[in-house]
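This report refers to the structure that appears directly beneath it.
Bear in mind that the values in this text are calculations on the coordinates, not laboratory data. This one's a predicted model, so the numbers in the text were calculated from it and none came from an experiment. Ideal geometry is used to build each Cβ from the backbone, glycine not excepted, and the neighbour counts take in all protein chains shown.
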Amino acid sequence: MIQLNKVNKLLPLLLAACMILFSHTSQAAIDTFEFENAQQEKTFHELTKLLRCPKCQNQNIADSNAELAKDLRNKTYELVKQGQSKDQVVDYMVARFGNFVRYDPPVTPATIFLWLGPLLFIIFGLLVLIRQIKKQPAKANNLDDQEQQKLQQLLKQHAKDTKS
Amino acid sequence: MLNKRRVLTLLVPFIIFIIGAIFLATPLLKGSDPSKLDSALIGQAVPEFTLQDIYDADKQYDASIFKGQKMLLNVWATWCPTCYAEHTYLNKLAKQGLYIVGMNYKDDRKKAIRWLKDLNDPYKISLFDKSGMLGMDLGVYGAPETFFIDSNGIIQYRHVGDLNDKVWNDKLLAIYEDMQ
């Protein structure tokens with residue numbers, strides 16, 4: 001009974017120890033950066049979300065724990081602190097790592113299809129639709145004189161039948 | 001006639017599908033690895049830098065060492081297992097007379113010197129880039145990487161990953177020989 005009590009007292013301590021130990025890993029990606037003004041901080045956060053880590057290819061540099069992402073965050077911080085604009089920092093990174101580093105790709109001959117593709121698709125679909133619609137009334141009037149007469153007769157007949 | 005046109009119209013989605021399939025399958029069949037990026041510095045000179053010699057902290061180099069002859073710039077580190085695998089091949093290339101400059105990237109000087117003593121040193125010049133400064137300017141995103149630099153100091157190609165017999169003979173040798 002006494003032993004059990006001891007365990008009960010130790011348990012919270014043990015839990016606390018675990019929390020401190022394991023929280024370390026989840027904090028690794030959060031570095032502390034200090035800024036002179038809110039605008040710089042905003043620019044920095046926008047940039048780290050926009051810049052893609054070349055090593056861990058499907059993460060931005062804000063999310064990634066990779067050593068390289070850390071370097072890029074530090075470099076971004078340094079450049080932002082020097083007063084460089086968002087575009088200047090992006091240009092700096094693109095000059096070194098290529099357009100791959102941007103999550104917001106520029107319009108180039110290789111990427112133009114990303115913008116034009118859906119547009120062309122919609123236009124193509126509309127054209128097909130318009131053609132189909134134009135075809136339909138032509139089909140309905142395809143009856144020759146004899147058939148037309150027969151149709152009128154049938155309609156009259158039908159009208160009589162429903163009256164009686 | 002009308003029937004023929006109908007068949008052709010119905011074939012359109014199929015043709016689009018085939019074009020899409022070819023578009024997606026070519027890189028797969030060619031075995032191109034999406035994690036290997038083309039360098040953004042191809043056609044440009046090696047960026048300016050000042051770095052210490054790995055053996056001698058008093059000795060400094062700058063970008064002028066990349067002029068005068070074609071050469072390879074190999075980026076390596078002792079924390080990089082693939083670099084270890086690659087090292088034997090670098091020794092082989094150096095023995096064949098290739099001019100190779102080494103850049104030790106974000107590493108420990110003592111460990112690096114021990115590595116070069118134990119495994120032989122294939123480098124004509126060994127740069128020590130502790131902070132990764134030149135690595136950043138070169139767009140290095142992992143080690144090993146090897147830059148092919150012509151005699152005017154212009155980067156012509158970058159290989160990501162290790163150098164070995166297969167990749168050298170299949171691809172890189174031709175690139176090296178095409179350089180002036």
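Using a 10 Å cut-off around each Cβ, can you sort B:Val46, B:Val7 from fewest to most neighbouring Cβ atoms?
B:Val7, B:Val46
Need the list of lysines near A:Lys163 for cross-linking: C-alpha distance under 22 angstrom, and skip anything on the same chain fewer than eight residues off.
Output for A:Lys163: A:Lys150.
In this model, which of A:Lys81/B:Lys59; B:Lys59/B:Lys166; A:Lys55/B:Lys59; A:Lys75/B:Lys36 are farther than 30 Å apart at the alpha-carbon?
Over 30 Å Cα-Cα: A:Lys81/B:Lys59; B:Lys59/B:Lys166; A:Lys55/B:Lys59.
Counting only DSSP beta bridges with both residues in chain B, what percent are antiparallel, rounded to the nearest 5?
60
In percent, what relative contact order does the range B:96-180 have, based on Cα pairs under 8 Å that are 6 or more apart in sequence?
23
When B:Ile19, B:Ile113 are ordered from fewest to most other Cβ atoms inside 10 Å of their Cβ, what list results?
With the sparsest Cβ surroundings first, the list reads B:Ile19, B:Ile113.
At a Förster radius of 45 Å, what calculated FRET efficiency corresponds to the Cβ-Cβ distance of A:Gln57 and B:Ser151, to the nearest 0.05?
0.85
Show me A:49-57, B:52-60 ranked by packing, highest mean number of other Cβ atoms within 10 Å first.
A:49-57, B:52-60
In whole percent, what relative contact order does chain B give with Cα contacts below 8 Å and a gap of six or more residues?
27
Please determine, in degrees from 0 to 90 and to the nearest 10, the orientation of helix B:2-30 with respect to the longest principal axis defined by the Cα atoms of chain B, where the helix direction is its Cα long axis.
10
Under a cut-off of 13 Å between alpha-carbon atoms, report the aspartates and glutamates in cross-link reach of B:Lys130, not counting same-chain residues fewer than 8 places apart.
Correct list for B:Lys130: A:Asp71, B:Asp53, B:Asp107, B:Asp108.
If you plug each phi of the range A:75-86 into the Karplus form 6.51 cos²θ - 1.76 cosθ + 1.60 with θ = phi - 60°, what whole-Hz ³J(HN,Hα) values come out, in order, with x for Gly and Pro?
Along the range A:75-86, the couplings run 5, 4, 4, 4, 5, 5, 5, 6, x, 6, 7, 4 Hz.
Hey, got the average number of other protein chain Cβ atoms within 10 angstrom for residues in B:162-169?
0
Could you work out the mean count of beta carbons from other protein chains within 10 Å of each residue's beta carbon in B:137-144?
5
So, by mean Cβ neighbours within 10 angstrom, what's the order for A:97-103, B:140-146 with the highest one leading?
Top to bottom by mean Cβ count within 10 Å: B:140-146, A:97-103.
Tell me, how many Å apart are the Cα centres for the range B:119-150 and for the range B:1-41?
If we compute the Cα centre of each part, the gap is 39 Å.
Among B:20-31, B:159-170, A:67-78, how do they line up from the highest to the lowest mean number of other beta-carbon atoms within 10 Å?
Per-residue mean Cβ counts within 10 Å order the peptides as A:67-78, B:159-170, B:20-31.
Need one value for A:92-101: mean number of C-beta atoms belonging to other chains within 10 Å of its residues' C-beta atoms.
What the average comes to for A:92-101 is 5.
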